[in-house]
2 protein chains.
Amino acid sequence: MTTPAPTHRPHVVIIGCGFGGLEAARALRDAPVDVTLIDRTNHHLFQPLLYQVATAGLSAPAIAAPIRHLFRRQDNVTTLLGEVTGIDAAGRQVHLKDGSALAWDHLIVAAGATHSYFGRDDWAPLAPGLKTLDDAFEIRRRILLAFEAAEKEPDAERRAAWLTFVVVGAGPTGVEMAGTLAEIARHTLPGEFRHIDPASASILLVEGGPRVLQAMPEGLSQRAREQLEKLGVEVRLNARVSAIDAAGLEVQTGQGPGGADASSYRINSKCIIWAAGVAASPLGRLLARAIGSEEAQALDRAGRIRVQPDLSLPGHPEISVIGDLAAAQSHAPGREPRPVPGVSPAAKQMGRAAAANLLRRLRGEAGLPFHYSDYGNLATIGRNSAVVDLSSPLGPFRFSGYFAWLFWLFAHVYFLIGFRNRLVVLIDWASAYWSAQRYARVVTGVELPGPPGETPP
Amino acid sequence: MTTPAPTHRPHVVIIGCGFGGLEAARALRDAPVDVTLIDRTNHHLFQPLLYQVATAGLSAPAIAAPIRHLFRRQDNVTTLLGEVTGIDAAGRQVHLKDGSALAWDHLIVAAGATHSYFGRDDWAPLAPGLKTLDDAFEIRRRILLAFEAAEKEPDAERRAAWLTFVVVGAGPTGVEMAGTLAEIARHTLPGEFRHIDPASASILLVEGGPRVLQAMPEGLSQRAREQLEKLGVEVRLNARVSAIDAAGLEVQTGQGPGGADASSYRINSKCIIWAAGVAASPLGRLLARAIGSEEAQALDRAGRIRVQPDLSLPGHPEISVIGDLAAAQSHAPGREPRPVPGVSPAAKQMGRAAAANLLRRLRGEAGLPFHYSDYGNLATIGRNSAVVDLSSPLGPFRFSGYFAWLFWLFAHVYFLIGFRNRLVVLIDWASAYWSAQRYARVVTGVELPGPPGETPP
């Protein structure tokens, strides 16, 4: 904690401790800099398994590690629980919500992304998305309480609405959620209710595009869809949500981009989960303003800020942006630049690259262009099934089904932070696997409703 | 699920699925009755370890099991998530908050207790108590955020208030909380902060009576106090709380029951935890009214309802009250009746006794008086220390320290519901033990504060 510095040690502020920020701070371990790592929560979240918390398969502490604890032995890192509300590029300061300000010599912004409702933010309370632990608890609450409400509901039509679960968006999160919901309905809950059959629940996966998992090759998309249907998920493709209310949603089919025509229909559902859109953190806009750029020019359509090849901002080599907030290109030697995808390995690689470029600048050298090493793509669908698309020097290596699932499982557990978490997650999965049980089915923060007349339906 | 009954099967309604209600429902497994088990939450809570959730040692799902799941194979039990708001003894119905009613032939009320602020309910938001998982999350949030706030606080006096933790009440919960808080401050957090030394935190245990753990023999109380002080807890006996506000509390010392005199002083603290009083569920009052009794006669000072020797209510053999809501006597053959203590083994035994008496009544026999088998008493203080007072035919068997702690640990893990939970709790403890870490240090549901002027301090 007391490393006497003969000269002024540059102060690096890192905003956000997701995969990008965490790696950047770690990569500065032996660097002659002081790092302050700011996050709005006290934990680093292993987001790839967040859907497991939302579907009662894992407890929150199994996938969340206290940031302070992760850096307890890295003396040049100070952890700060705080929310950045302003960035001053000229004055080299960030402003925090509590009114304080923090000066920096170098800034790494890794504030990530949140879900986007494509301008329909009024849908947020009706169809929660999944980015934080609080989101996961809210979704878990809604799923489990929907079955409870169905058990008590004498009216058949309303009961059916409680037993209809709609997941909007068939990216990796939507596919995981739908597959796991089908498992809960078909394997976990049967036998526990006396008035309903949970296995009769409808799980709908509604996707605006023509296939599931669009980042995957078409063959694997087809496989994923078949596996979902085998699990009992109804997959509705080319189906765009046009309205959501407390009792359900409206869906438009057909290729045209709009207009309520004959091809729109309604789904009655009391539990809608949003896995459709991603929007970069609002810090992107703050950054654009801070460096004096037009928003329209500095940001892409998802609100991500366009970065230089070395991940810095134009005219501001001392500011780097990494992870889901960055609209970055991968610059492989001898190849055309390609967009970097919004996945955790990319965020980690950007974190290490930004730290390395920062050290180069301290030595008076120029930053190197970022090159994303793509090892592939994998997505799980449910117990026993997943799709894997690995890149290898020999060409792509693609498989699906049980071995893909085992591969997915070990890959995820391997990258989980901390030995204890790995062990507990493996035990939970082993016990879930053999018993079809999901042990984290605890609902808290519930205010039970009063008589029907007194509360909205 | 379809057990055809030749005659009308009596309907037993059990209110509450704590230790008492759970055991009663289980004891009716093979009985020719239909059981409806009503609880306000969806889980049975292993309350003896709730303080571990509040102090970030265990995750919530490790100590909470879904009630439906526990009874999935007991076909005569229907689980209902609901809140009882009225009891009609003459019409044999309970009324639920959602406006519905449920008819019963036999009623077992096991609604438990909550914390009591001795008429100062305005203290509740200032000094939360520990009865539910939501309570535990709130306390965990306050403890962890107090250290975060101290790290950011430049003013020495205010920093000291953030680092002063006060536990009010030195019963088992207060002793466990204080001991564990001391461990967190001295062993878990050091090294993780850059501006404060968590080990400098003050942990105060404030108790109105003359010793800690008053249900224990005096020698063990003394031991417990010594162990607490060794852990770094300041124990203040004969100290009664007379006021609580957002910045601290006021304590009166001396024997007299009141009046702010020279012997009262103030403690500045931003984290106060209430472990002082227990009040029976408000259903006690509803029950007294339902059977036409004067409250003053039917209830004792803690709001518990006085039951007959067979645990039924006077004039209402079809209503039994068990657990912490019952002011019951133990009727050992050849001995004076003695009050039954409010501990989980007593609640379990009452659950089994109420079920057995119900079956006797169905056969036309009279209920038997309840006899509490007291196997002893144990309390833990922190890692490595506990006090144990066992009853045996050879007389009491008392010990404290490390072996008492091991005994406490295995006794608690043994009684935990479910093999998986036992295993996970043991792993968590083993890893906590070797690393001094507490892995469940996740804070959620936090709205970070704005500038000092905008929010109350």
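Using a 1.4 Å probe on the protein heavy atoms, what percent of the accessible area of the protein assembly as shown belongs to carbon and sulfur?
Accessible surface attributable to carbon and sulfur in the protein assembly as shown totals 54 percent.
Stretched out fully, how many nm does the piece from B:ARG73 to B:ALA90 gain, at 0.36 nm a residue minus the Cα gap?
Stretched fully, the B:ARG73-B:ALA90 segment lengthens by 2.8 nm.
Assign unit charges at the C-beta atoms only (+1 for Lys and Arg, -1 for Asp and Glu), then state the dipole size of the stretch B:121-276 relative to its Cα centre in Debye, rounded to the nearest 20. Mind dumping the intermediate values first?
On the way: 17 positive and 22 negative charges, 50 e Å.
That gives the stretch B:121-276 a dipole magnitude of about 240 debye.
How far is helix B:402-415 tilted off the main Cα axis of chain B, in degrees rounded to 10, range 0 to 90?
The helix B:402-415 is inclined about 40 degrees to chain B.
Kindly tabulate the residues in the stretch B:155-201 with an accessible-area decrease of at least 40 Å² between the chain alone and the assembly of all protein chains, using a probe of 1.4 Å.
Residues of the stretch B:155-201 that lose at least 40 Å² of accessible area once the other chains are added: B:GLU192, B:ARG194.
Between B:ASP300 and A:LEU448, how high is the FRET efficiency from 1/(1 + (r/R0)^6) when r is the Cβ-Cβ distance and R₀ = 41 Å? Nearest 0.05.
Rounded to the nearest 0.05, the efficiency is 0.90.
Let me test this: with uniform point scatterers at the alpha carbons of the protein assembly as shown, what is the Debye-based log₁₀ I(q)/I(0) at q = 0.07 1/Å?
Log10 I(q)/I(0), no solvent term: -0.63.
Round to a whole angstrom and tell me the spacing of the C-alpha centers of the stretch A:207-233 and the stretch B:274-347.
Result: 59 Å between the Cα centres.
Hey, if you put +1 on the Cβ of every Lys and Arg and -1 on every Asp and Glu Cβ in chain B, which of B:ALA247, B:LEU220, B:LEU286 ends up farthest toward the positive end of that dipole?
B:LEU220
So, R0 is 60 Å and r is the distance between the beta-carbons of A:SER373 and B:PHE399; what FRET efficiency does that work out to, to 0.05?
Here the calculated transfer efficiency is 0.50.
Spin-label point model (7 Å from Cα, Cβ direction): what's the A:PHE415 to A:GLU229 distance in nm?
3.0 nm
Helix-derived [θ] at 222 nm for chain B: sum -39500 (n - 2.57) over DSSP H runs of at least 4, divide by residue count, nearest 500? It would help to have the intermediate numbers written out before the result.
Working: 12 runs with 133 residues, N = 457.
Helix contribution divided over all residues of chain B: -9000 deg cm²/dmol.
Between A:ASP155 and A:ARG266, how many nm apart are label points set 7 Å from Cα along the C-beta direction?
1.3 nm
Compute the angle between helix A:133-152 and the longest alpha-carbon principal axis of chain A, please, reported from 0 to 90 degrees and rounded to the nearest 10.
Taking the Cα atoms of chain A, the angle to A:133-152 is about 0 degrees.
Hey, what did chain B get for relative contact order, percent, Cα under 8 Å, at least 6 apart?
Worked out over chain B, it gives 18 percent.
Using only the Cα atoms of chain A, what do you get for the radius of gyration and for Dmax, in Å?
Using the Cα atoms of chain A, the pair Rg, Dmax is 23.2, 76 Å.
Label position 7 Å from Cα toward Cβ: report the copy-to-copy distances for A:ALA411 in nm, one decimal, ordered from shortest.
Result for A:ALA411, in nm, nearest copy first: 5.0.
Whole number in Å², please: accessible area per residue of the protein assembly as shown, 1.4 Å probe, ligands, DNA and RNA not counted.
Per-residue accessible area for the protein assembly as shown comes out at 43 Å².
What ranking, highest mean first, results for peptides B:145-157, B:348-360, B:129-141, A:12-24 when packing means the other Cβ atoms within 10 Å averaged over each residue? Before the final figure, lay out each step's value.
Details: B:145-157: 16.4, B:348-360: 23.3, B:129-141: 20.3, A:12-24: 27.2.
My ranking of the peptides, most packed first, is A:12-24, B:348-360, B:129-141, B:145-157.
Kindly tabulate the residues in the stretch B:67-81 with an accessible-area decrease of at least 20 Å² between the chain alone and the assembly of all protein chains, using a probe of 1.4 Å.
B:ARG68, B:HIS69, B:ARG72, B:THR78, B:LEU80, B:LEU81
For the protein assembly as shown, what is the charge dipole size about the Cα centre, in debye to the nearest 20, if Lys and Arg each add +1 at the Cβ and Asp and Glu each add -1 at the Cβ?
Numbers: 90 positive and 88 negative charges, 371 e Å.
About 1780 debye.
If packing is taken as the mean number of other Cβ atoms within 10 Å per residue, what is the order of B:216-229, B:62-75, highest first? Intermediate results must be reported in sequence, preceding the final value.
Working: B:216-229: 19.3, B:62-75: 22.1.
Output ranking for B:216-229, B:62-75: B:62-75, B:216-229.
How much accessible area is lost when chains B and A come together, counting both sides, with a 1.4 Å probe, in Å² rounded to the nearest 100? Please list the in-between numbers first.
Details: alone 22000 and 21970 Å², together 38880 Å².
Heavy-atom accessible area buried at this interface is about 5100 Å².
Among the listed pairs B:LYS97/B:LYS270; A:LYS97/B:LYS230; A:LYS270/B:LYS270; A:LYS152/B:LYS348, which have their C-alpha atoms separated by more than 30 angstrom in this model?
Among B:LYS97/B:LYS270; A:LYS97/B:LYS230; A:LYS270/B:LYS270; A:LYS152/B:LYS348, the Cα-Cα distance tops 30 Å for B:LYS97/B:LYS270; A:LYS97/B:LYS230; A:LYS270/B:LYS270.
Could you list log10 I(q)/I(0) for the stretch A:121-275 at q = 0.09 Å⁻¹, which the Debye formula gives when each Cα is one point scatterer?
The computed values of log10 I(q)/I(0) come out as -0.28.
Taking the square root of 5 times each eigenvalue of the Cα gyration tensor, what semi-axes in Å does the equivalent ellipsoid of the stretch B:301-361 have, largest first?
Semi-axes (√(5λ), whole Å): 16, 14, 12.
Express as a percent, rounded to the nearest 5, the fraction of DSSP beta bridges in the protein assembly as shown (both residues included) that run antiparallel.
Antiparallel: roughly 55 percent of the beta bridges in the protein assembly as shown.
Give the angle, between 0 and 90 degrees and rounded to the nearest 10, that separates the Cα long axis of helix B:172-183 from the longest principal axis of the Cα atoms of chain B.
The angle comes out at about 30 degrees.
With only Lys, Arg, Asp and Glu charged, each at its Cβ (+1 for the first two, -1 for the last two), find how big the charge dipole of chain B is about the Cα centre; round to the nearest 20 debye.
1020 debye
The values are calculated or read from the model by the stated rules, or taken from the named source; none is laboratory data. Just so it is clear, the structure is predicted and the values come from calculations on it, not from any experiment. Quick reminder, even Gly has a Cβ in these numbers, built from the backbone with ideal geometry, and neighbours come from all protein chains shown. Please note that ligands, DNA and RNA were not included when accessible areas were found on the heavy atoms of the full protein model with its side chains. Shrake-Rupley method; radii C 1.70, N 1.55, O 1.52, S 1.80 Å.
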